[in-house]
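What follows is a single structure, written as structure tokens, with notes after it.
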Amino acid sequence: MAALRPGLRRFLGLGPALAMIGVFMLVPIGIIAVYSLLEADPYGGVEPRFSAEAYIQFFFERDLDDSLVFNPAYLVIFGRSILLAAAAMLASLLIGFPVAYYMATQPAGRRNLLVFLVTIPFWTNLLIRTFCWILILRDHGLVNNLLLAAGIVDQPLTLLYTNGAILLGLVYTYIPFMILPIYASIEKLDLRLVEAAHDLYANRRQVLRRVILPLALPGIVAGSILVFIPSLGAFIAPDLLGGGKKLMIGSLIQMQFSSSRNWPFGSAAALVLMAAVLAAMTYYALGPARRAAGEPGK
Amino acid sequence: MAQGFAVEVRAASKVFGSGAERVVALDEVSAGIQQNEFFTLLGPSGCGKTTLLRLIAGFEQPDSGEILLDGEPIAGLPPFKRPVNTVFQNYALFPHLSVAENIGFGLSMRKRPKAEIEAAVSEMLALVRLEGLAGRRTAQLSGGQQQRVALARALANHPKVLLLDEPLSALDFKLRKEMQLELKRLQRETGITFVFVTHDQEEAITMSDRLAVMSAGKIQQVGAPHEIYEAPVNRFVADFIGESNFLDARILEAAAGSLLCSLEGGQQLRVPGEGAQGEKVTLALRPEKIGLTPAAREGRDNGAFVGTISEQIYQGTTTAYHIALAGGGRLVVRDANREDGTAAFARGDMVAVALPVAALRILRD
């Protein structure tokens, strides 16, 4: 044992972590990358022949004379996904922040109960919970029946199979991931700082903006990422609540592996999505360094 | 005081909790704090001194009673509308802001022009001697520096009254001594009324113009440090401020301005004061006021008692002696050491104890 060189020892210590990353991340992504560059087998799976067709298909359409024409259809899906995910993130933040703040300022006993309550939805299958939203939103569902009975409307409102329904589903599914990190950062916050700010002439709004929000920022960033990324790739809410009419990137990818039987295209779309998310995150992560570089002398 | 009180508290009460957990933090406390004075609230933990400070700051509302600032009632005002500022026990500096931004926080909340804020920040940095640290994060500062930033942040607003909640308790001994002087200097230079809360009687005595000794939600005595030290009104004050010997006594004879008292051990003592025959009183005497001489002979001579030294505790310039009196009863005496630094007496020595009757305080509770 004593003969082991320090470099080797360090490597052995890191072994389990490296194995985790390798087996659960790099290998699957590697398979996806390889599949995206092969030909599709019409019966599912891939033919082991190299082809860049999947990537070409993502951006272009083949005309009759085999010339390539730019086709924005998939990019529109991509754009819609980003917009919906961003809207879901924003809505979750607007609803989640006050909830988290309320939870964090309760007495310790009630705080634990509230955290417990926030996690309760995870105990039921997501598919079933999303189906329940269909019952609530459909033409003769709970909401419309109430509105009709109250005489507020005389025709059922079209609530289901809209972008709004998808957004609702996304917010409903992912809001705990916004609440919990923000809760954690506000709970850590020393409430004496709030007192100190009040003492220094800050009114309630100024305390929120100048003290609580900056100190809760790590939680807000973490929560936003945790809501945005899964929303981007979500397919249960878009499929069930959007009726499959408003395709999101997650549904598109899922379709390629099921009904469309085009695994290479599904893989290519997944990789393009991942590349876009990584690029955005890197841009964000480098933000502070960029700002620091842009403001000399501070 | 012709100009009136800076802060006046009228019969303020505050109760926390209810039922079995009901705690009376303040029980009809009244006090007047004068303009430009260094006023200290002194007492053991739980005596209500911090609650009183929080009432003045506005973090708590009194259940009854009134608080006036420059003669104006302020009970209804939230903390951010009161012209008072607080230095918190743990400083409560904003970790996401630089030293300069912390100091300028109050002014920027009141939307003062940028140039004014910058000028005030550099003035305050100079006042607390932290020039050059403006851009630092507060986490990068030592405890003493954080303390100075907290002071500068409060003083930058030129408050009518500065409230200090045990601001020195987190500092080590040397630094605490240094900051005591610093606080005195700041108070003198700014002319702002300081209300200082502490449980450290030595700190209170060395720093205050006047102090209020608190216990169990009440103010026991208000006065200048020497008044409180020399003339405590009750046993709690005499015990809490400095050290005291307490001798239980009974008045045998009461003549005009003079009492003949009998102590536990049967010794008799003539003390100046008023009282009624048969009344039970406590005589309090500071250890450093008692004189010791080698006992030449047994007995009592001119107010001198005789006893044996049962304990001798070296304290640097002085030595504390525990003395068992011949007739019963114990005394603690603090006596200067000889010029070569050695104690004048040893354990087991027989000594004559001179009780200076003029320094005896007659307490009645």
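Couple of notes before you dig in:
- Among the candidates A:GLY13, A:GLY44, residue that is assigned to a loop (DSSP other than H, G, I, E, B), loosely packed, with under 14 Cβ neighbours inside 10 Å and at pLDDT below 85: A:GLY44
- Filtered by the rule that a residue be of a type in the set (A, V, I, L, M), closer than 19 Å to B:PRO95 by Cα and away from chain A (no Cβ under 14 Å), the range B:106-146 gives B:LEU125, B:LEU130, B:LEU133, B:LEU141.
- Note on the range B:57-102: residues that are of a type outside the set (Gly, Ala, Ser), more than 10 Å from chain A (Cβ to nearest Cβ) and within 25 Å of A:LYS188 (Cα to Cα) amount to 2.
- Identification of strands (runs of 3 or more DSSP E) wholly contained in the range B:152-264 with 2 or more residues that are more than 18 Å from B:GLY32 (Cα to Cα), in contact (Cβ under 8 Å) with a residue 12 or more places away in the chain and in contact with a Ser or Thr (Cβ under 8 Å, 6 or more places away or on another chain) yields B:245-255.
- All conditions in (1) facing chain B (nearest Cβ under 10 Å); (2) at pLDDT 90 or above; (3) over 24 Å from the mean Cα position of the chain (by Cα) hold for A:PRO214, with the sole exception of (3).
- Any hit, the range B:258-277, residues being more than 13 Å from the chain's Cα centre (by Cα), of a type in the set (Asp, Glu) and either modelled with pLDDT under 90 or surrounded by 17 or more Cβ atoms within 10 Å (Cβ to Cβ) (or both): yes
- Every condition in (1) more than 34 Å from the chain's Cα centre (by Cα); (2) part of a loop (DSSP other than H, G, I, E, B); (3) more than 21 Å from A:ARG209 (Cα to Cα) holds for B:HIS96 except the one numbered (3).
- With respect to being outside any loop (DSSP other than H, G, I, E, B) and either touching a residue at least 60 places away in the same chain (Cβ under 8 Å) or touching a strand residue (DSSP E or B) at 6+ places or on another chain (Cβ under 6 Å) (or both), B:GLY106 falls outside the description.
Conditions (1) away from chain A (no Cβ under 14 Å); (2) on the phi < 0 side of the Ramachandran plot; (3) at pLDDT below 95; (4) surrounded by fewer than 16 Cβ atoms within 10 Å (Cβ to Cβ), marked per residue:
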position: B:GLU166; (1), (2), (3), (4): no, no, yes, no
position: B:GLU202; (1), (2), (3), (4): yes, yes, yes, yes
position: B:THR206; (1), (2), (3), (4): yes, yes, yes, yes
position: B:PRO232; (1), (2), (3), (4): yes, yes, yes, no
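- In a residue-by-residue description of the range B:54-68, the property of being modelled with pLDDT of 90 or more, more than 23 Å from B:ILE228 (Cα to Cα), polar (S, T, N, Q) and part of a strand (DSSP E or B) applies to at least one position.
- Those residues of the range B:323-359 which are at pLDDT 85 or above, within 29 Å of B:SER262 (Cβ to Cβ) and under 26 Å from the mean Cα position of the chain (by Cα), in sequence order: B:LEU331, B:VAL332, B:VAL333, B:ARG334, B:ASP335
- In summary, helices (runs of 4 or more DSSP H) completely within the range A:123-210 and bearing 3 or more residues that are free of Cβ contacts under 8 Å to residues at least 12 places away in the same chain occur at A:126-137, A:142-149, A:191-199, A:204-207.
- Of everything in the range A:81-128 that is closer than 30 Å to A:LYS245 by Cβ and of a type in the set (Ser, Thr, Tyr), the residue that is surrounded by the fewest Cβ atoms within 10 Å (Cβ to Cβ) is A:THR124.
The values are calculated or read from the model by the stated rules, or taken from the named source; none is laboratory data. From a predicted model like this one, the values you see are computed outputs, not experimental measurements. With ideal geometry, Cβ positions are generated from the backbone for all residues, glycine too; neighbour counts draw on all protein chains shown.
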